[in-house]
Amino acid sequence: MALSCSVSFCMLLFSIFSFTCSNAKLDQTSLSFPLTALPLSTTKPHIKTNPQFRTLSSSSSSSSSSSSYNLKSSFKYSMALVVTLPIGTPPQLQQMVLDTGSQLSWIQCHNKTPPTASFDPSLSSSFYVIPCTHPLCKPRVPDFTLPTTCDQNRLCHYSYFYADGTYAEGNLVREKLTFSPSQTTPPLTLGCATESSDAKGILGMNLGRLSFPSQAKVTKFSYCVPTRQTRPGTPTGSFYLGNNPSSSKFRYVNMLTFTPSQRMPNLDPLAFTLPMQGIRIGAKKLNIPPSVFRPNAGGSGQTMIDSGSEFTFLVDAAYERVHEEVNRVVGPRIKKGYVYGGVADMCFDGDASLIGRLIGDMVFEFEKGVEIVIRKERVLADVGGGVHCVGIGRSERLGAASNIIGNFHQQNLWVEFDIGNRRVGFGEADCSRLAK
């Protein structure tokens, strides 16, 4: 997400029906969750901006490395991915948007009406509300700047506002995730939203010390996003916490890291920042200097990968070259004066497969020869009404100065976030078949 923050779009939706575990020994533990899709009601890209601002432990009193727990899930892709997690003691299933671009995780705590009933704190023995006197309620916690105030009960109140006008506010709390009576996370710092404009919470997965991976000691996670329109029905993909059995086939690129002295106005130091090198369209390498994809002296130009962002966004110096090439090969077919969701203006009526063939494959290039290849069949996104758009927008229209690779350009691709080794891995796959 951007503006020294993160940008969230539509995400993956998960529903947990059951879970199993075996824990003869901690290092043999495994968890399995079947997951299903829920539809989105939005008619445009869902933009959420996080304002300024690893394996699970076996119990509340101990922790373990990511090799101790492996969680495998399947999910169905409906443009927004939301994981349903067991929160509290005993557990209550809560929908939370999986977002690698933000830090604070929060759940709904105000709606008591099914079928979207939110978390009921009175039913959990492990629920704890953070008071105003707690250090986390101070206005300047290192790497976590969140507007907090004291409410009338002397409890820590937070407010979260997003770029698309949605918001969440409530109290900061401590609560566990309970996978079984013998397997829980430590108490995690979460937001408990008493007011919000969205029906789902957020699972913050970035590099911040209060993110879910940091607090739950998850050092590695991965997902495989299926293509949207390959088969009838909603396609299903896979999600892992812990080691991925396919990782021997992945190609890795080291993340860029930043010291406190490098904290710049337009930089999000907690994002998964990648050393992108260039873009190819068809057989043509676009004339974009690699420096365009790196943070400049003010932090602009950072390239981050975001599970929560639907589309990809580029700074002007890169976007203009993409637009020029698309215009060169299919210019007369561009839908004049049309901008989808206020961000995407390379849109078309008519035969999407023909336009895709004319544009050709698109490739994002990284260091060490690592590439994300977007096949010509997946260059265009169906945005409804017979209109298809190249899934790329101008980041300046978000008020951002960053390059953001969204989940539209992660289809049929394993993406592994190896936090322990400060790297991100990619591996092409038929994600729908993997989940079967």
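The values are calculated or read from the model by the stated rules, or taken from the named source; none is laboratory data. No experiment lies behind these values; they were computed from the predicted model shown. Every residue, glycine as well, gets a Cβ built from its backbone with ideal geometry; the counts of neighbours run over all protein chains shown.
When region 396-412 is filtered for residues that are crowded, with 20+ Cβ neighbours inside 10 Å and closer than 28 Å to Asn266 by Cβ, the ones remaining, listed by number, are Leu398, Ala400, Ala401, Ser402, Asn403, Ile404, Ile405, Gly406, Asn407, Phe408, His409, Gln410.
Cβ-Cβ below 6 Å, separation at least six or inter-chain, first residue in region 379-391 and farther than 10 Å from Met346 by Cβ, second surrounded by 18 or more Cβ atoms within 10 Å (Cβ to Cβ) and of a type in the set (Phe, Trp, Tyr): which pairs? Hits for this filter: Ala381/Phe408; Val383/Tyr340. Screening region 193-216 for residues that are in a loop (DSSP other than H, G, I, E, B) and either at pLDDT below 90 or among the hydrophobic types (A, V, I, L, M, F, W, C) (or both) and picking the one that is farthest from the chain's Cα centre (by Cα) gives Ser197. Scanning region 153-192 for residues that are in a strand (DSSP E or B) and small (Gly, Ala, Ser), which turns out farthest from Ser105 (Cα to Cα)? Once the filter is applied, the top-ranked residue is Ser180. Please go through region 244-265 and pick out each residue that is more than 20 Å from the chain's Cα centre (by Cα) and in a strand (DSSP E or B). If the condition is that a residue be more than 20 Å from the chain's Cα centre (by Cα) and in a strand (DSSP E or B), then Arg251 is the only one that fits.
Checking each residue in region 127-149 for being in a loop (DSSP other than H, G, I, E, B), surrounded by 17 or more Cβ atoms within 10 Å (Cβ to Cβ) and at pLDDT 85 or above picks out Phe127, Ile130. Answer with yes or no whether Lys335 is over 17 Å from Gly282 (Cα atoms) and either among the basic types (Lys, Arg) or outside the structural domain of Asn407 (by TED's automatic domain parsing) (or both). It is true that Lys335 is over 17 Å from Gly282 (Cα atoms) and either among the basic types (Lys, Arg) or outside the structural domain of Asn407 (by TED's automatic domain parsing) (or both). Within region 366-386, track down each residue that is of a type outside the set (Val, Ile, Thr) and crowded, with 19+ Cβ neighbours inside 10 Å. Hits for region 366-386 are Phe366, Arg378, Leu380, Ala381. Only one entry of Ser261, Ser222, Ser214 meets the criterion of being surrounded by fewer than 17 Cβ atoms within 10 Å (Cβ to Cβ) and either hydroxyl-bearing (Ser, Thr, Tyr) or not assigned by TED's automatic domain parsing to the domain that holds Val415 (or both), and that entry is Ser261.
Being outside any helix (DSSP H, G or I) and buried (at least 22 other Cβ atoms within 10 Å of the Cβ) holds for only one residue in Gly427, Gly393, and it is Gly393.
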